[in-house]
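Right, one structure below, let's go through it.
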Amino acid sequence: MMESVHVTASRDYDVHIGSGLLDTCGAQITAVTASRRCALVTDSAVAPLYASRVEASLRHAGIEACTYVFPAGEQNKNLATYGDILAFLAEHRLTRSDFVVALGGGVTGDMAGFAAATYQRGIDYIQMPTTFLAASDSSVGGKTAVDLPAGKNLVGAFWPPRLVVCDCDTFQTLPEDTFADGVAETLKHGLIADAAFFDFLMRQPIREHLSEVVRRNVEIKAAVVAEDEYESGKRKLLNFGHTLGHAIEKCSAYAVPHGHAVAIGMVLATRAAERLGYSPRGTLETVLAGNRRYGLPMECPYAAQELYDAATGDKKRRGGKIDVVVLEEIGRAKTIPLDLDGLRVFVEAAL
Ligand SMILES: NC(=O)c1ccc[n+]([C@@H]2O[C@H](COP(=O)([O-])OP(=O)(O)OC[C@H]3O[C@@H](n4cnc5c(N)ncnc54)[C@H](O)[C@@H]3O)[C@@H](O)[C@H]2O)c1
Ligand SMILES: [Zn+2]
């Protein structure tokens, strides 16, 4: 059982989505690379669940793999772990023609992808997402990064994967909250790009249609990336809910997970947009209904001043513009560049 989406980018790749793919990934990988050596990078929560099945499938396909396991968690998506991964690749003498397999959530994919992007000036990597968020969002589009103490994803590269293999069976072991993070990005895709998909999510339980929902998420993201891989225009629409979402993550010292923060961010942006006349009346009620249906948060625990400070950061000194994304209707979004005064008005209207 497998469906595939083709992504057109600076280098094209396929996304395979389905059930049981952990056990067949070796064969899919040999179809896209001639190399028979790789490093499997995964985290300490995913390794005991799934690494041996991937290793077995690779071995069966004639691929030799060495496995690197780092401690799970966003706090380890940093330069130190990234450096350890690079050292591991060098120690195992991976060459320019070998590749990396990133098995895990967005943290693993972003960091192993960045290691692949920079090791010997760039080697291939395969994304094997095991969270609903990574499958539906981060494993597609070629953005790789690690965090700095000053903020999230501050060092990184655009580096498309060679292939994405998504086994939706792996979501069965996700904690409920981690699954919900992916739901937030899924609702986002419907809200910005596909009203019929949003309706579907409101009528059907996502958990009963996982492959189909991941496929639609990937199609929506792939269409945006095909048009604007390096985020000079249209790709910014994927940041709906993210300007204030990132501010919430920052205010919470990253205790509020990304998807939950985005869920609140979409509510805040839509409340402001409705009050300021960018979105038609009733839009907020639809966004709230999506969050309510899937148990996502709707209230912001921070005051306007805190959010504003977190959203502006060092831009205050540079007098920069900040983009916010608003819904023109359900299924259609646009970007509004705000100066700092405009952002203050927007944040105040959001609460
Ligand atoms: N590159 C992009 O375009 C992009 C887009 C969105 C988010 N991101 C990044 O993605 C990260 C968030 O991704 P995430 O939510 O997947 O986080 P994550 O990788 O930390 O995974 C969440 C938790 O679930 C565990 N886990 C993963 N798969 C599991 C499974 N199948 N069963 C049980 N536990 C499992 C992990 O070990 C971790 O503890 C953030 O760092 C964010 O910046 C990147
Ligand atoms: Zn996001």
_Boolean, Asp124 is surrounded by fewer than 24 Cβ atoms within 10 Å (Cβ to Cβ), among the charged types (D, E, K, R), within 24 Å of Thr81 (Cβ to Cβ) and within 8 Å of ligand 1 (Cβ to nearest atom)_ = no
*Sort through Gln204, Gln172 and tell me the only one that's surrounded by fewer than 20 Cβ atoms within 10 Å (Cβ to Cβ), farther than 23 Å from Gly282 by Cβ and more than 16 Å from ligand 2 (Cβ to nearest atom).*
Gln172
*Mind checking which residues of the range 71-87 are near ligand 1 (Cβ under 10 Å from one of its atoms) and surrounded by 15 or more Cβ atoms within 10 Å (Cβ to Cβ)?*
Ala72, Glu74, Asn76, Lys77
*the range 228-248 residues that are within 18 Å of Ala269 (Cβ to Cβ) and in the same structural domain as Val324 (by TED's automatic domain parsing), paired with ones that are among the charged types (D, E, K, R) and away from ligand 1 (no atom under 13 Å from the Cβ) (beta carbon under 6 Å, 6 or more apart)*: Lys234/Glu227; Lys234/Asp228; Arg235/Asp228; Lys236/Asp323
*Is it the case that some residue within the range 253-262 is closer than 27 Å to Trp159 by Cα and of a type in the set (Gly, Ala, Ser)?*
yes
*Does any residue of the range 88-99 turn out to be touching a residue at least 24 places away in the same chain (Cβ under 8 Å), among the hydroxyl-bearing types (Ser, Thr, Tyr), surrounded by fewer than 22 Cβ atoms within 10 Å (Cβ to Cβ) and part of a loop (DSSP other than H, G, I, E, B)?*
yes
*Can you give me the number of residues within the range 239-291 that are among the acidic types (Asp, Glu) and out of contact with any Ser or Thr (no Cβ under 9 Å at 6 or more places or on another chain)?*
2
*Select from the range 175-201 the residues that are buried (at least 17 other Cβ atoms within 10 Å of the Cβ) and of a type in the set (Asp, Glu) and list them in ascending order.*
Asp181, Glu185, Asp194
_Regarding the range 224-231, can at least one residue be identified that is surrounded by fewer than 21 Cβ atoms within 10 Å (Cβ to Cβ), outside any helix (DSSP H, G or I) and more than 17 Å from the chain's Cα centre (by Cα)?_
no
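The values are calculated or read from the model by the stated rules, or taken from the named source; none is laboratory data. Note that the structure is predicted; figures quoted are calculated from it, not measured. Heads up, the Cβs are rebuilt from the backbone with ideal geometry, glycines too, and the neighbour counts pull from every protein chain shown.
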